Amino acid sequence: MKTTTSAIALAALLMTGCGGGSNSSTPDPKTISALRTVAEAAPQTLNLNSEAGGRAVTLAEQPDDAVITSISVAGSEVTLQTADVDRPTVVDLLLAIEGSRDRIALQVLVENTSAASLESQVRTVLDSRNELLNNNEVVRVVGLLTNAQYMTLQITDSTRASMIASAPPCAAELAGAIAAFKALEDACPSDKQGELSDTELAPLQAAVQTAIDNTFSNAVTALNSISFAGNSTINLSVPPVTPTTFYNDERLPSRFIGNPALGEFDSNDNWAFDAEFDHLQLIMQ
């Protein structure tokens with residue numbers, strides 16, 4: 001039987017159509033995951049060169065999340081501006097890779113940096129509760145100065161004892177402060193750090209501050225009543241103190257250490273009182 005040229009050509013065509021010959025199928029597109037962590041309320045530039053394989057990227061979709069207030073793309077870099085956030089927030093972005101059907105699914109974790117600072121202060125306050133609840137700092141200053149007045153015959157022993165006794169908080173004030181500390185601690189366990197919002201922490205910390213101020217009111221009144229005017233033997237400066245002012249917030253909260261009117265931190269971050277208030281150094285250990 002003869003086989004014509006046209007029959008051979010037809011057979012070759014059919015073989016090609018049925019998968020014979022070379023395979024020219026295109027691989028399926030893939031999604032490449034990426035995660036970047038950024039700060040709130042700040043401009044950020046994110047480099048996706050590794051995920052994009054050195055190629056340029058473009059936004060496949062415009063983000064509709066209000067946390068990203070502006071965004072632009074140049075080459076393999078994404079520049080964006082973040083808004084203030086109340087808690088850690090994840091924003092999803094989808095980007096196309098130039099010359100490829102692949103996509104980059106970028107998750108941007110916007111950290112609540114303001115809450116992180118607030119949490120640090122809260123943790124310091126919780127760690128310092130015994131010192132704060134017992135008014136140890138101001139009570140020690142009252143004791144130092146009234147003893148100096150007594151030893152130089154400026155006041156009587158009964159007056160000295162009365163002033164020292166008036167400095168600690170009364171039972172009701174102490175109970176209120178303990179309750180405020182308990183509420184703050186319950187809301188801010190160590191295993192939830194980084195997850196709490198400003199609006200959750202701020203009022204609880206404010207409640208603790210108010211409670212501490214209440215426990216300090218007697219001590220502040222006693223301290224502000226001390227004067228060495230007319231004392232010919234000794235003249236110690238009485239440090240100014242107000243019920244609502246704390247310094248040194250991220251270490252041991254203090255009404256004296258960190259107060260620029262009383263001294264300063266040296267280059268090694270060690271506190272030193274000015275000469276006028278150097279006598280306070282003896283009891284600030």
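The values are calculated or read from the model by the stated rules, or taken from the named source; none is laboratory data. Bear in mind that the values here come from a model prediction, so they are computed numbers and not experimental data. Here the Cβ is made from the backbone with ideal geometry for all residues, glycine too, and neighbour counts use every protein chain on show.
At a glance:
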| item | result |
| --- | --- |
| Residue list for region 54-82, restricted to those being surrounded by 11 or more Cβ atoms within 10 Å (Cβ to Cβ), of a type outside the set (Gly, Ala, Ser) and either touching a residue at least 60 places away in the same chain (Cβ under 8 Å) or assigned to a loop (DSSP other than H, G, I, E, B) (or both) | Arg55, Glu61, Pro63, Asp65, Val67 |
| Unique match (being farther than 30 Å from Ser114 by Cα, more than 30 Å from the chain's Cα centre (by Cα), at pLDDT below 90 and of a type in the set (Lys, Arg)) among Lys2, Lys30 | Lys2 |
| Residue within region 170-177 that is modelled with pLDDT of 80 or more and part of a loop (DSSP other than H, G, I, E, B) present | yes |
| Which numbered condition Glu119 fails, given (1) of a type in the set (Asp, Glu); (2) in the same structural domain as Pro169 (by TED's automatic domain parsing); (3) exposed (fewer than 15 other Cβ atoms within 10 Å of the Cβ) | (3) |
| Filter pass, Arg87 being surrounded by 14 or more Cβ atoms within 10 Å (Cβ to Cβ), out of contact with any Pro (no Cβ under 6 Å at 6 or more places or on another chain), in the same structural domain as Val208 (by TED's automatic domain parsing) and farther than 30 Å from Lys30 by Cβ | no |
| The one condition in (1) farther than 26 Å from Phe277 by Cα; (2) among the hydroxyl-bearing types (Ser, Thr, Tyr); (3) in contact with a Leu (Cβ under 6 Å, 6 or more places away or on another chain) that Ser128 fails to fulfil | (1) |
